[in-house]
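Novice: Here's a structure for you.
The values are calculated or read from the model by the stated rules, or taken from the named source; none is laboratory data. Computed from a prediction, not measured in an experiment: that's the story for all the values here. FYI the Cβ positions are ideal-geometry reconstructions off the backbone, even for glycines, and counts take in every protein chain you see.
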Amino acid sequence: MSSRQPSPSKRRRTDIDDTDQRTSVTSEISIFDRTKLRSSASNASRQPAIICELQASGFIPNTVLSLRKRLTDGFGQKVIPRGFEVLILAGAEDIPDSVYFDSTHMSDAILDAIWSELEEIHLEARYCDMYGKDKNAWCLDIVQPILRLLLKDESKLQLTNVQSQQIDGDLLPIVKNNLTWINKKADYSFLVSLSGPGYKISYITDAFTKRTILFSGIEVKADDGGKKEVLAQLAIWLSANLERLVRLGELVKGLLNLTDWLFPTVGYTVIGHDWFTYIAYRVGNEVYVVGPISSVLVDTRSTYGILKLCDLERRVKEYTVSEYWPWI
């Protein structure tokens, strides 16, 4: 894998061909604080530009503003059962009293079970960090247990491993030159729908997954993973997701005003302990991938950090089930 290039003092663009994808189309991309991919395809709507920004600029759809509010309002507050207070203090974690909630309605057995799961995740994350474990260890020992814990009682949402699955090439943006080595995949996604045999509704080519609607994307790297590379992977994944939904919508309703119609999605890059959250949405012929959202930065370095991560994932789950899935 190529080493990460040092960040330049100002943004620049790089142009080169990618013969692995569509050789008839050229495009530009620079993976820095602001990424923009453009295409010269004759049907430009089939090759939207991808813009990655730290903060949203220009017009922001109301659906995006609503999602941001859902994720950030009161985030990290009242996320720890009061029954954990003694255990938390014993671990010398310095946290405010406002993060606790009254847990008198929870039995000791339930509290013990939750604490045991949290501690196991905390210890595994610590070991992955201490011993420099690879990406697979972070995926299997940290990411999967956290996400499965949150989906334990959720029937409408299912975690799915998509590490070996390919995006439909017709939905991929065209990248060039030294960016062709970027892996155009993600590690995990959430399955929210299943169609009948023979129907292709996903942006994935796998025989089973192509019959599903996927939400979000999670790309994982070990603690020394490159932030720019992982963001590029996530941006490509989320863009393909949105493009597939656009095409499905056009089949049913014809040409659409995407700003009013298309709901935003959420994606994550996980680099060691740190989880970075991005919101992806489309305005006209541009896909915006905005983040990381600074107000919801989370990590697995402490029990409190893991509980904040659980709070974030709960909010995303509620959005998926109560807004995104009914919209589809």
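Novice: Report whether or not G74 is under 23 Å from H273 (Cα atoms) and more than 29 Å from the chain's Cα centre (by Cα).
Specialist: Against the criterion (under 23 Å from H273 (Cα atoms) and more than 29 Å from the chain's Cα centre (by Cα)), G74 does not qualify.
Novice: Further, regarding this structure: If you scan region 283-328, which residues turn out to be of a type in the set (A, V, I, L, M), in contact with a Gly (Cβ under 9 Å, 6 or more places away or on another chain) and modelled with pLDDT of 90 or more?
Specialist: Within region 283-328, V289, V296, V298, L307, L312 qualify.
Novice: Moving on to the next point. Could you list, in sequence order, the residues of region 42-55 that are surrounded by fewer than 17 Cβ atoms within 10 Å (Cβ to Cβ) and either small (G, A, S) or modelled with pLDDT of 90 or more (or both)?
Specialist: Selection gives S42, A44, S45.
Novice: Looking at (1) surrounded by 16 or more Cβ atoms within 10 Å (Cβ to Cβ); (2) free of Cβ contacts under 8 Å to residues at least 40 places away in the same chain; (3) more than 24 Å from V296 (Cβ to Cβ), which one does I114 not meet, given that it meets all the others?
Specialist: I114 satisfies all of (1) surrounded by 16 or more Cβ atoms within 10 Å (Cβ to Cβ); (2) free of Cβ contacts under 8 Å to residues at least 40 places away in the same chain; (3) more than 24 Å from V296 (Cβ to Cβ) except (3).
Novice: Quick one: which residue in F101, F84, F75 is of a type in the set (F, W, Y) and under 22 Å from S294 (Cβ atoms)?
Specialist: Checking each option against the conditions leaves just F75.
Novice: Let me ask something else about it. Of all the strands (runs of 3 or more DSSP E) wholly in region 256-328, which have at least 3 residues that are under 13 Å from the mean Cα position of the chain (by Cα) and farther than 30 Å from L123 by Cβ?
Specialist: Per the criteria, 274-283.
Novice: Right, something else. State which residue is nearest to L87 (Cα to Cα) when the search covers only region 119-151 and only residues that are of a type outside the set (A, V, I, L, M, F, W, C) and in contact with a helix residue (DSSP H, G or I) (Cβ under 6 Å, 6 or more places away or on another chain).
Specialist: Here the residue is H122.
Novice: Of these, F59, F75, F32, which one is among the aromatic types (F, W, Y), surrounded by 11 or more Cβ atoms within 10 Å (Cβ to Cβ) and modelled with pLDDT of 65 or more?
Specialist: On the way: F59 fails: surrounded by 11 or more Cβ atoms within 10 Å (Cβ to Cβ); F32 fails: modelled with pLDDT of 65 or more.
On inspection, the qualifying residue turns out to be F75.
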